[in-house]
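We did not get these values from a lab; they are worked out from the coordinates using the rules stated. Just so you know, these numbers come straight off a predicted model, no measurement behind them. Virtual Cβ from ideal backbone geometry, glycine too; neighbours counted across all protein chains shown.
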Amino acid sequence: MAPRLLQNFNGGRAHIVTSSLTAVEALDKTLGKLGVGVVYPALEDGRAKIDLGALQPERDILFIDGDLDNPVALDIDAGAHQPPVPVIGLVGVEAPSRLKHLINLGASAFLRKPVQGGAVYTALFLGINQFLLRGDLRARLDDMDRRRRGRRAVVKAIIARMNEAGVDDDEAYEWLRRESMRSRQTLEAYCEAFMTARAGPLDEPVQLRPAETRAERR
Amino acid sequence: MSKHFRIGVMFSTTGPYSVVPRSMLNGALLAVAERPAPGITIEPVIVNPGGDLARYAALSREMLRDGIRHVVGCYTSSSRKEVIPCFEKHDALLWYPSHYEGFESSNNVIYTGASPNQHVLPLVDHALATLGSSAFCVGSNYIWAWENTRIFREAMTARGARVLAERYVAVGDTEIDQVVEAILEARPDFVFNNLIGTSNSAFFRAFRAACVARGIDQPRAIPVLSCTLSEPELEEIGTEAVDGHLSSSVYFSSLTSPANDAFTRFYAETFPDGPATSADAEASYIAMKLLILSLAETGTDDVEAVKEAATRQHLLAPQGEVRIDPQTLHAYLTPRIGISNAQSRFDLLVEAPGPVRPDPYLVQSSPRYAVAARNSSLRVVK
């Protein structure tokens, strides 16, 4: 199921990373109307002073000015471009390199500078909900990957059950599915546990002897 | 020497929803006709888009190019949204005097009508406390009804109540029988109505007639609740079906206060042919009044100066104290719920103790997440 749409941003906190404060006056004003607090992290040597570890995806939103040169070192999930909190790009110079930089930071919505008040709710709505959607898709992909890896155990468990109970593959699968539900596990996890439990005892451990003993034997 | 200001006044006084805008025009002109503010004279420049959406932007452009900086006008939300880009481009100010669905706050608009936290949310609470927990929604097929119904539905769902169905008809459509049949089949505890204009009066007449034919005491069995219903619309419905309808509004002409007595008396004297005064007429009066006071205070029609001056005004309006919230440029207004009587007026049922802060984005009162439209389809099978 797709995540529910967030529509009320009251209590949120926007970190606006920019050096052109006049371009974001309307952004600041409109965020206030929407119940979103605003902070302007200081820029030191081109880097914004933000405690990235303290950001909370439920509360914080990053507005990053694309005209600045890499002002925030976000820990981005490279495959999915998923930042830790929603990122909304502030677009000044509309050059591909600048836009690519914002995409690489995981921006899920954009606002043109100077920001117009009428565009802010849409950008927040889009940016935050796209962030939630991407996070949800990421989680679903991870789940699919895990299940794909567990497929081998399912095949083995079906064959084992067929041999053990003298049933066909459909019946074996049904039984495994029912048992997995009964034990409140995914089918894959249950089949892995099933195969592990059925595995025979390991071979006797080999006793290593001192080297000279081996030499004596020669 | 007094300064002369030309003010645009733009209402569709002809067309499919002309009754309320005619009362709005009267309200705005009443403020001009009242004892003028010292040091200024006001010349209203009246235009009529005739309910044609395309005419609004063209007329706005003409007025603004002609040097007018302030326009009191628009009734429907679609017309307001149509003209806002024009006001933003020319950096002029629209004084929008009607209750609306919120989720907007242009820096080039002063909103003197009610925000959703001042009309629809009080109505939901009142309905659930007194009428029941299932509603059938009807509305005109445009942004006002869509959004107001969404806000209503989310508020209902959040309180554990149910919306049984939603039906929309085109603006101006009076073929309403199918909607009436659907309501009678669903038998909700009440109807939430967002119809406007001729569709609205056609609905009230058809619904009452269908109920009478079935022996249903409509006002008590399936009452109709609106945020749009005002006195001029009651007069349009006609005597057969006019009584027993609930309306959530910041103003009723029957309010008893010296300010409202003076307002209604002056209105009746100035416009003896009607239409009756209404919440939107009062909002238009408030808009023009605030504008005139701000022009008198600043001595200029510069938009920034007037806007700032407007947020400093405290007006003793017919509904009570009114002021503009500097953050949202929406008005502090007093929510009320009334029930219509046979004289096409409202009897006051409940009212807030004082003006309520506008919350156009419902940041203080709406659920954080959008509520799913349907209730769960899961049911117990064993």
Legend entry - Highest-first arrangement of A:64-70, B:265-271, B:234-240, where packing means the average Cβ count within 10 Å: A:64-70, B:234-240, B:265-271
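I need the peptides B:280-290, B:6-16 ranked by packing, meaning the mean over residues of other C-beta atoms within 10 angstrom, with the highest value on top.
Numbers: B:280-290: 29.1, B:6-16: 21.7.
Ranking the peptides B:280-290, B:6-16 by packing returns B:280-290, B:6-16.
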Inset, instruction - Apply the Debye scattering formula to segment A:71-196, with a single equal point scatterer on each alpha-carbon and no solvent, then give log10 I(q)/I(0) at q = 0.19 Å⁻¹. - result: -0.97
Legend entry - Nonlocal amide H pairs with B:Leu333, under 5 Å, H built at 1.01 Å: B:Val356
Legend entry - Isotropic mean projected area of the C-alpha convex hull, chain B (nm²): 19.3
Legend entry - Unit charges on C-beta of K, R, D, E only; dipole of the protein assembly as shown, Debye: 1760
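If you place +1 on the Cβ of every Lys and Arg, -1 on the Cβ of every Asp and Glu, and leave all else neutral, what size is the dipole of segment B:213-333 about its Cα centre, to the nearest 20 Debye?
That gives segment B:213-333 a dipole magnitude of about 340 debye.
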Legend entry - Given charges at Cβ of Lys, Arg, Asp, Glu: the protein assembly as shown dipole, positive-most of B:Ala279, A:Gln185, A:Gly92: A:Gln185
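Under 8 Å for C-alpha pairs, at least 6 residues apart: give me the relative contact order for segment A:85-138, rounded to a whole percent.
Relative CO of segment A:85-138 lands at 41 percent.
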Inset, instruction - Within 10 Å of each Cβ in peptide A:3-14, how many partner chain Cβ atoms are there on average? Round it to a whole number, please. - result: 4
Legend entry - Reduced Cα scattering model of chain A, Debye log10 I(q)/I(0), q = 0.08, 0.10, 0.11, 0.19 Å⁻¹: -0.51, -0.63, -0.67, -1.31
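Other chains' Cβ within 10 Å of A:34-45 residues: what's the mean? Walk me through the numbers on the way to the answer.
Working: counts 4, 5, 1, 0, 0, 0, 0, 0, 0, 0, 0, 0.
Partner Cβ neighbours, averaged per residue: 1.
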Inset, instruction - DSSP loop (so not H, G, I, E, B), at most 12 other Cβ within 10 Å: list which GluC sites (Glu not before Pro) in segment B:129-234 pass both filters. - result: B:Glu175
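For peptide A:26-32, how many partner chain Cβ atoms fall within 10 Å of a residue's Cβ, on average?
Partner-chain Cβ atoms within 10 Å, mean over residues of A:26-32: 2.
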Inset, instruction - Would you be so kind as to identify all helices of chain B, as entire DSSP H runs, whose Cα atoms reach 27 Å or more along the helix's own axis and whose mean Kyte-Doolittle hydropathy is at least -0.5? - result: B:279-298
Legend entry - Given charges at beta-carbon only (K, R positive; D, E negative), |dipole| of segment A:7-89 in Debye: 360
Legend entry - Most positive-pole-ward Cα, B:Ser134, A:Ser108, B:Val212, against dipole of the protein assembly as shown from beta carbon charges: A:Ser108
Legend entry - Equivalent ellipsoid semi-axes, the protein assembly as shown, via Cα gyration tensor eigenvalues times 5, rooted, Å: 59, 36, 18
Inset, instruction - Specify whether the C-alpha gyration tensor of segment B:241-371 places it in the rounded, prolate or oblate class, a ≥ b ≥ c being the square roots of the eigenvalues: rounded for a/c under 1.5, otherwise prolate if a/b is larger than b/c and oblate if not. - result: oblate
Inset, instruction - May I ask you to order A:54-62, B:56-64 by the average number of other C-beta atoms within 10 Å around their residues, highest value first? - result: B:56-64, A:54-62
Inset, instruction - Using Cα pairs closer than 8 Å and at least 6 residues apart in sequence, work out the relative contact order for segment B:260-343, in percent. - result: 19
Legend entry - Percentage relative contact order, segment A:13-146, counting C-alpha pairs under 8 Å, at least six apart: 24
Inset, instruction - Answer with one residue from B:Leu184, B:Phe263, B:Asn194: the one whose Cα lies farthest towards the positive end of the charge dipole of chain B, charges on Cβ with Lys, Arg +1 and Asp, Glu -1. - result: B:Leu184
Legend entry - Estimated [θ] at 222 nm from DSSP helical runs (n ≥ 4, -39500 (n - 2.57)) normalised by residues in the protein assembly as shown, nearest 500: -13000 deg cm²/dmol
